[in-house]
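A short worksheet on the structure shown next.
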Amino acid sequence: MGRILDRYFQRAALRRWQRMAQQAADAPHSLLRMQRDHARGLRAHLDRVIHVADARLTLPLIGSRQFPKPVGTDWSWRPDLWRGPLSHPGVASAPRKAALDPQVTVFHDCPNAENAFRQIRNRKNTDLAPYGLSIEVFSFEGSFLSVSVELPIGMARDLTLQHMVQIGSLIVSDEPTHVYARLNIRHGPNTEQVLRELATSSEPVTMDFDLAHLHINERRIDKIWLDLIFESPRMNRMVVRDLTFCRHHRADL
């Protein structure tokens with residue numbers, strides 16, 4: 001019964017506002033002023049409902065952890081920047097080191113700092129990540145620009161040389177550019193690094209890092225992070241629409 005009454009009152013209110021809109025051109029000023037005040041008060045609540053509904057109902061859903069994983073995956077992760085809204089959505093004229101959130105930090109050595117890093121909402125039907133990272137660079141006189149993503153400690157737990165680390169990415173750019181992914185594994189005082197080139201494409205790309213050939217003390221691994229390095233980013237806009245990580249065992253031979 002409550003739902004029936006709600007629909008009845010909603011239709012009645014809609015008809016009332018339609019009638020006022022039709023009569024607004026001829027309404028006396030005193031009545032029109034009162035109707036305007038009521039409409040402004042109502043609009044604030046309507047805008048809030050529309051804003052929250054758009055954020056929650058637009059696909060992909062906020063907080064999504066869904067992405068393809070290889071058979072045998074025992075750990076997977078999508079960083080928070082690509083999963084949910086940041087408290088501060090971006091930074092313009094970023095200094096040489098700028099933290100976008102506790103996991104993602106931007107580094108560069110350009111003295112002009114004519115750049116902008118901004119979290120954007122993904123709205124394509126093919127997107128799996130709710131958010132992406134937009135990187136806009138104008139004049140750039142430095143030698144490097146990178147986005148560093150620190151992986152959770154759970155990634156290092158029980159990691160062995162029999163594991164493969166798979167990086168999934170979807171990176172698009174206005175102008176052709178080279179993007180490199182450097183996986184860094186710190187074990188005790190030493191750090192092992194593996195550098196691979198990532199393709200920029202309108203389709204998701206996956207890349208496996210084989211740990212078998214690294215000289216790593218498995219018991220002393222305490223930090224793992226990934227650097228996305230953008231070559232010659234001047235006068236370009238790059239968007240990292242998705243970034244995912246998973247760990248799986250190498251197939252037995």
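The values are calculated or read from the model by the stated rules, or taken from the named source; none is laboratory data. Since this is a predicted model, take the numbers as computed values, not measurements. All Cβ positions, even for glycine, are placed from backbone atoms using ideal geometry, and neighbour counts span all protein chains on display. For accessibility, only protein heavy atoms count, side chains too; no ligands or nucleic acids. Shrake-Rupley method; radii C 1.70, N 1.55, O 1.52, S 1.80 Å.
Farther than 30 Å from PHE230 by Cα and hydroxyl-bearing (Ser, Thr, Tyr): which single residue out of SER76, SER93, SER87, SER30 fits that description?
Residue meeting the stated conditions: SER30.
Per the conditions (1) surrounded by 14 or more Cβ atoms within 10 Å (Cβ to Cβ); (2) among the polar types (S, T, N, Q); (3) touching a residue at least 60 places away in the same chain (Cβ under 8 Å), the sole criterion not satisfied by ASN184 is (3).
Across the stretch 101-117, not a single residue is classified as within 21 Å of VAL52 (Cβ to Cβ) and either among the basic types (Lys, Arg) or not in a strand (DSSP E or B) (or both). For the stretch 82-100, the set of residues classified as free of Cβ contacts under 8 Å to residues at least 40 places away in the same chain, under 22 Å from MET155 (Cα atoms) and not in a strand (DSSP E or B) consists of LEU100 only.
Counting only strands (runs of 3 or more DSSP E) that sit wholly inside the stretch 151-211, those with at least 2 residues that are among the aliphatic types (A, V, I, L, M) and more than 17 Å from the chain's Cα centre (by Cα) are 163-173, 178-187, 190-198.
Going by what's in this entry, would VAL194 be described as of a type in the set (A, V, I, L, M, F, W, C), without any contact (Cβ under 8 Å) to a residue 24 or more places away in the chain and touching a Leu at 6+ places or on another chain (Cβ under 6 Å)? Judged against the criteria, VAL194 is a match.
Taking the stretch 60-108 as the range and being within 14 Å of the chain's Cα centre (by Cα), of a type outside the set (A, V, I, L, M, F, W, C) and open to solvent by 70 Å² or more (accessible area, probe 1.4 Å) as the test, the residues that pass are ARG65, GLN66, PRO85, SER87, HIS88, PRO89, PRO102.
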